[in-house]
Every structure is written in structure tokens, then in C-alpha cells.
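Participant: Please see the structure below; I have some questions.
The values are calculated or read from the model by the stated rules, or taken from the named source; none is laboratory data. These figures come from a predicted structure and were not determined experimentally. A quick note on method: Cβ atoms are made from the backbone with ideal geometry, for glycine too, and the neighbour counts reach across all protein chains shown.
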Amino acid sequence: MDAPQPPSRDPALHPALVAALLAAAWVLAHLDQPLVEDSLFWWVPQGLLIAEQGPLLRPAGALPEALLAGLSAQTTPPQWADGIPDYAHPPLWFAWLGLFVRLFGPHVEAIHLACLLPAMLAASGFAVLGQRLGGRWSGLALFGLPPFLAQLLRPELDLPLLAVTPWALLALHHGRWGFFALLGALAPWCKEPGVLLLAPALARAWDERRWRPEALAPLASLGAWALLHGAPAQPEHLPASLTAWAADLYWSLRIVFWEQGRGLLLVGGLLLGGRALLRPALRPALVQIAVWVGFFSVVGFFVSRTPGAASTHVRYFLPGMALAAVLLAGRHPYLALAGLFYLSARSPFGPEASLFGLHQAQAERAAAPQIAAQLAAGDRVWVGSYQAAALSQPWAGVVEAPLADFFVYGPDTRPGALSPGDRIWQAAYGEPLGLLGRDLPLRCEAPLAVGEAWVRACTVLDAEAADPG
């Protein structure tokens, strides 16, 4: 093993401080930005439950009062029809969200404030890790990764795991096994894949040629959660064959190392610092990257389900992706700047890969006054389930007060439920129109766009009056 490097005594600004301030500025600049997807449907509602009821091992079941206040039977999206499901995730992050809701109320600003400390810890941790393992400023390569910048604004379980991971790896690098045991035990309680820290810990113990029981802390922690709760969260999809897994592995490698300009990091890193990547001190970090990518090539269950239209939970890859970017950046973190060209672009790998998901919510916020005016005029207005959730919950950051009396369409909505003159809102991302778009004659208005995201209002026409063209 290379000898651990002493902390920098350079009087210049420390990279960790710069990274933490950049992350804080990014979160604080977006405090009023709306919530999207899983945060909106599941994670924040679980935090609301804990805010109302106190500590819960399983924050699931009946909808929280703060959520029910804006709903009626007509406006409840199907995702909430049976309450909040138990997805078997540990409750630590939901308790953290609940604390901020208790302190500041159920507001979108409070929810984003809960992301502030994890965001700063993640950024500063990777900055220090980069300083130890790569170049002085290589940790700033994170800020050229669109999925990283998007994740800082998404209050999901992946964010606290991203905050713990670099500090656990730093503990391994310096041989501070007690500190690693603490963080290794904490990681699976942020989110179950924290158990993957077992792999670099075993690699470090192998390098030391000593048995280190502290290396088992992540596994013991996940086992403790399983004993308390029962079976942990299960993958929704596994590859059906070795060939299918090979395809998933290809897409996983492409997502981590090539997409959104990361190919420049890969090629530049190998050409400019390829030999440095072979240092023994990097072995635990390289093992961590390999295990992270390999694991999620198996359980990253949307990776290549639809050929030519891949969509995945990119956030699952972030701890491995961030670590790979930091190591490949080395003394040339400017190579990561290419990623910023993709910051607002719609990615084929889903809305978590860039700010597209946030822009979709911003477009829905821009449409809310029009929807309110249509409802006030007595129109029958239909919106998809994603938009319905946001329109009914002021804490989601789309409306200041709940809208009522709209209808929610979904995959089970039949064209016969709508009448000529009804208004139906379509989104670039969210609930697809499905049969409604195929079988109903519609006249659609110009979309309200934010970046590449948009929503638009369509009017159902009388079939006889509709223009056959």
C-alpha cells in the first residue's frame, strides 16, 4: 500500500471547502424548485408520516394528514389509492426529512433544506478523496456530471448514501478501521446498497494481509435491518438470461463511463494518467467501482428492457460513477466540463440523468394557473397521475394551494369517460395518453416548454365535427 498522504497545509482554498460551497450554493439556489417522481410519490410522504406520528420503523400505510388535506376521491392519483406502500427501505432518510418538516412545516423549501448537509458532505467527501487518490482538484469533476447535480435536488435515499460513501472510502485509505466500521454500518441504513462497501473493505484488508472484522460492518448492518424489518427491498427485475445480463452490463458501463461526455474523462484519464490508476492505493476504490457497476447491471432493472429506448434509475450508479469520474479526472478535472452541455438535455436513460425531470415539474408549475382558470370556468380538466399529485400538494412546489375538481387519467382510463369539450393535459414525461391519444379526436395548443420538457392542453373534439385530416 502507498503511505497515506498527510492533510494539505496549503493556505489556498481547500478543494473540499470549494466543493462544499458549490454544492450548498446549488441547493440553496433551487430551494423553491418542485419535486418529481419517487420523491413526490413515496419518499417525502413517508417523511410526512414520521413528522406527524414520530419515529416509525415502517413509515407506510394510511396517507399522512398533510397529504390528505389536498385530496378528494376524484383527484387522488392511483399511486396513492391504497396508501403508502412499504418498500422495505430503512427509515433513516425518511426520519431526516420528517425532522425538517417538523421544524419548518410541510414546504418544498424545508424538503430541499434537508438535502443541504448530505449534498455538502458528498461534494466535500469526493473532493478530499480526489485530493488523496488523484489530483488536487479532481473532486470538482463531480460538478460536470449532470446526474450528480440533478441528485442534489432530489430528496431520495441515494443522496445520503452518496454522502457517506466517499468518507467511508477515505477511512479505508487511511486505515482508520473504527471510523470505517461506523460509516459502513450507517451506509445500508441510508439505502441497502451501502452493503457494497464490504467489497473495498475486504480489498483493503487483503492488502494489509490482516483479518479486519470491521470490514463486515456493512453486512452486519444490513443483516440487522433485515432482522428488524423482515426481508429487505427486492429487485423488481433481474436479467432473464446471461445474454440479457451482458446487454445490461454493456448499458451500465456505457452510462457510467461514456454517456454525457464522460467518454472524454475515460479517454483523457487513461491517456493522461493511466499508469497512476494502477497504484496499489487505488485498489479499494477500483474494486468499489467494479462492484457498484456490476451489481447494478444486475438489479438496475430498467437498463435495457426496451431495445433502443433504454431507461434506467441512473441515480443507482452515482456512487460508482462519481468515484470513477474523480479518479479519471486526475490532474485534469476540466475534462469533466463536457458533461455540462448535457445538463438540460433529455436523456434516453431517464429524467434522473439530467435536469430534464426538474424541468418537467417546472413546466407543470407554469401550466398550473391555466389549469386553475379552466377549472374556474367550469371545464372538465384531466391530468396525468404525476401532474395530479403535484397539483394537489402545495409542499410539492407546483401550487400554493391545492387545485380541486380535476380528473385523473391513467392506463385504465377509457376514451368513453371523456366528453367533447373536455380538457386533457399531456406531458413530455409522465402519464402517457395511451388510448386517449389514439382514439379521441384532439385539438392541442402550443406547449408550455422548459428546456426540452413541456406540457400542453388539448381539447376533446366532437367526433363528427373533427377534421378527418
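Participant: How many residues does the range 336-352 contain that are aliphatic (A, V, I, L, M) and in contact with a Lys or Arg (Cβ under 9 Å, 6 or more places away or on another chain)?
Facilitator: Residues that pass the stated criteria total 2.
Participant: Among the listed residues Arg132, Arg154, identify the single one that is assigned by TED's automatic domain parsing to the domain that holds Val36 and touching a Ser or Thr at 6+ places or on another chain (Cβ under 9 Å).
Facilitator: The match here is Arg154.
Participant: Can you tell me how many residues in the range 157-188 are surrounded by fewer than 22 Cβ atoms within 10 Å (Cβ to Cβ) and outside any helix (DSSP H, G or I)?
Facilitator: 3
Participant: Could you list, in sequence order, the residues of the range 311-323 that are assigned to a helix (DSSP H, G or I) and out of contact with any Leu (no Cβ under 8 Å at 6 or more places or on another chain)?
Facilitator: Matches in the range 311-323: Val314, Arg315, Tyr316, Phe317, Gly320.
Participant: Now for a separate question. Do any helices (runs of 4 or more DSSP H) lying entirely in the range 59-153 carry at least 1 residues that are at pLDDT below 95, and which ones are they?
Facilitator: Passing ranges, in order: 65-68, 116-133.
Participant: Are any of the residues in the range 321-328 over 16 Å from Phe126 (Cα atoms), buried (at least 23 other Cβ atoms within 10 Å of the Cβ) and at pLDDT 95 or above?
Facilitator: Checked the range 321-328: no residue is over 16 Å from Phe126 (Cα atoms), buried (at least 23 other Cβ atoms within 10 Å of the Cβ) and at pLDDT 95 or above.
Participant: Of all residues in the range 270-281, count the ones that are touching a residue at least 12 places away in the same chain (Cβ under 8 Å) and either among the basic types (Lys, Arg) or surrounded by 18 or more Cβ atoms within 10 Å (Cβ to Cβ) (or both).
Facilitator: The qualifying residues number 2.
Participant: Let me ask something else. Only one of these is surrounded by 14 or more Cβ atoms within 10 Å (Cβ to Cβ), under 22 Å from the mean Cα position of the chain (by Cα) and assigned to a helix (DSSP H, G or I): Val267, Val256. Name it.
Facilitator: Val256
Participant: I'd like to know if the range 236-248 contains one or more residues that are in the same structural domain as His174 (by TED's automatic domain parsing) and buried (at least 20 other Cβ atoms within 10 Å of the Cβ).
Facilitator: yes
Participant: Could you tell me whether Arg58 is of a type in the set (D, E, K, R) and more than 30 Å from Pro411 (Cα to Cα)?
Facilitator: Spelling it out, it is not the case that Arg58 is of a type in the set (D, E, K, R) and more than 30 Å from Pro411 (Cα to Cα).
Participant: Something else now. Go through the range 205-225 residue by residue and tally those that are farther than 25 Å from Ala285 by Cα and out of contact with any helix residue (DSSP H, G or I) (no Cβ under 9 Å at 6 or more places or on another chain).
Facilitator: Residues that pass the stated criteria total 0.
Participant: Shifting gears a bit: Checking Ala368 against (1) touching a residue at least 40 places away in the same chain (Cβ under 8 Å); (2) closer than 21 Å to Gly451 by Cβ, which test does it fail?
Facilitator: Exception for Ala368: condition (1).
Participant: A further question follows. In the set Gln426, Gln370, which member is out of contact with any strand residue (DSSP E or B) (no Cβ under 6 Å at 6 or more places or on another chain) and polar (S, T, N, Q)?
Facilitator: One residue alone meets the criteria, Gln370.
Participant: If a residue has to be within 30 Å of the chain's Cα centre (by Cα) and more than 27 Å from Pro91 (Cα to Cα) to count, how many in the range 191-220 make the cut?
Facilitator: Result for the range 191-220: 3.
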